[in-house]
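Trainee: I'd like to ask some things about the structure below.
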Amino acid sequence: MDIQKIKASFQSHFGKDAYPYIFFSPGRINLIGEHTDYNLGYVCPAAIDKGIYVAISPNGTDTVNLFAMDQKDEPAVYSFDIRSGQLPALRWAKYIYGATMETVGNGVNVKGYDALITGDLPDGAGLSSSAALVCAFLFALDSLFGTGNTDRFTLARMGQAVEHKYLGLKCGIMDQFASLHGKKDNLILLDCRSLEYDYIPINTKGFRLVMLNTCVKHALGTEYNERRQSCENGVAALKKVYPAIESLRDATVEQIDSVKDSLSETDYRRSKYVIQEDNRVLETRSALNEGNMQQLGDILYAGHDGESKWFEISCAESDFLVQIAKECGVTGARQMGGGFGGCVINLVKEELYDNFIKTAQKLFADRFGHQILVYPISVGQGTCRLA
Ligand code: GLA
């Protein structure tokens, strides 16, 4: 993205004198560990080099004026008074209102500001555009009106609170954490209970990581919260027999099997998926450390199988792409993110790459009547001020 162009757009929208600061917060991929974060387990995300850019300047009033320049689904302009306590009706503005209110709640004396939002991250693709948006604002407001020293753990928690309180999505901490803590060319192995994390350099020599966007958009909501409820039901059943269990992170496959009869079939299946997925993240760590790409690939396929059949968060388009990947000899593939569409992540041998992409593009278009989008993965830095 061209910073000068962003500044020029800001100035032409808000007036020539305005001179904005520019902040960036990235989207994320997740190699493995889906729906494990709110079960206090493990995830393996990384920030990507695409994200949300915010040009922002205090305006000396109590009013926040927003211009979301790429917005197509809803009106692109919105204003609110910081003291009004009125949740915006526009979905995109709710995130910014929430970030503003959480910053106020963190003891920062936030004043009115003008902000332009743009970016190069597709929304609804499972790449966490909403976490990128929220984290960009949390970081910017803390820098502009606070000390700029709020630690990134706290900002990630605040970002999660924005989803919970203002959007009604009971998400975990992965997306906000990854956006804020990204490091170039590194995956993050995060323990979502202790928030201890390690950076693992991505070393996939001879292989490529590529995302194929099904272009099936799905704003997470009821279905996501239902999955979380199933997990909580699983924990409640386990706790009766194993009182030390506080979350699915603490349980083994044998333990969930032993309480199968006290759960609905759906809650049992979903809870078991989470326990297995947690194990897959830990196996991924060993596979990465040993450079065992075959094992990593097998884990990705097993993860998709679990998402599709056990946790029920896949869709026909994602299943189809994973099947094509298998048929083309791709080492591993799975649907990535919260679910119900978005991107499939693929681990492909260099020599198979071109043929795989061509075949996937053709077969997918024949079957579903629209194109997939291809994004090679480039892992970048976390939230920062650019100018
Ligand atoms: C969404 C949520 C995350 C996480 C993923 C699934 O992206 O925001 O907290 O639960 O889904 O792994």
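Laboratory data are not the source of any read-out in this text; all were calculated from the coordinates shown. Only a predicted model underlies this, so the values are computations on that prediction, with no experimental measurement involved. Virtual Cβ from ideal backbone geometry, glycine too; neighbours counted across all protein chains shown.
Trainee: What nm value, rounded to one decimal, do you get for the distance between S79 and C384 when each label is placed 7 Å out toward the C-beta?
Mentor: 3.5 nm
Trainee: Report, in cubic angstrom per residue, the convex hull volume of the C-alpha atoms of the range 29-142.
Mentor: Value for the range 29-142: 122 Å³ per residue.
Trainee: With the crude spin-label approximation of a point 7 Å out along Cα→Cβ, what separation in nm comes out for K183 versus T154?
Mentor: Once both label points are built, they end up 2.3 nm from each other.
Trainee: Now, a different point. Please state, as a whole number in µm²/s, the translational diffusion coefficient that the Stokes-Einstein equation yields for the range 3-202 at 10 °C and 1.306 mPa s, with Rh defined as the Kirkwood radius across alpha carbon pairs.
Mentor: 94 µm²/s
Trainee: May I have the convex hull volume per residue, in Å³, for the Cα set of the range 133-187?
Mentor: Normalising the Cα hull of the range 133-187 by residue number yields 84 Å³.
Trainee: Now, a different point. Taking 30 Å as R0, compute the FRET efficiency from the Cβ-Cβ separation of C315 and K349 and round it to 0.05.
Mentor: The calculated FRET efficiency here is 0.65.
Trainee: Sticking with this structure for a sec: Set the Förster radius R0 to 35 Å, insert the Cβ-Cβ distance between Y199 and E246 as r into 1/(1 + (r/R0)^6), and round the FRET efficiency to 0.05.
Mentor: 0.80
Trainee: In whole percent, what relative contact order does the range 256-387 give with Cα contacts below 8 Å and a gap of six or more residues?
Mentor: For the range 256-387, the relative contact order is 16 percent.
Trainee: Beyond 28 Å, what share of the Cα-Cα pairs of the chain is found? Please give it as a whole percent.
Mentor: Summing the P(r) tail past 28 Å for the chain gives 46 percent.
Trainee: OK, next. What is the chain's relative contact order, in percent, from Cα pairs under 8 angstrom and six or more apart in sequence?
Mentor: Computed value for the chain: 23 percent relative contact order.
Trainee: Follow-up. Test of understanding: what is the full-extension gain from A89 to Q371, defined as 0.36 nm times their sequence separation minus their Cα-Cα distance?
Mentor: Result: 98.3 nm gained on full extension.
Trainee: Then there is this: Would you work out the relative contact order for the range 79-197, in percent, from Cα pairs under 8 angstrom that are 6 or more residues apart?
Mentor: Reported relative contact order: 25 percent.
Trainee: Along the charge dipole of the chain, which of G182, V110, I29 sits closest to the positive end, that is, farthest toward it, with unit charges on the beta carbon of Lys, Arg, Asp and Glu (+1, +1, -1, -1)?
Mentor: Sorting the options by dipole projection puts first V110.
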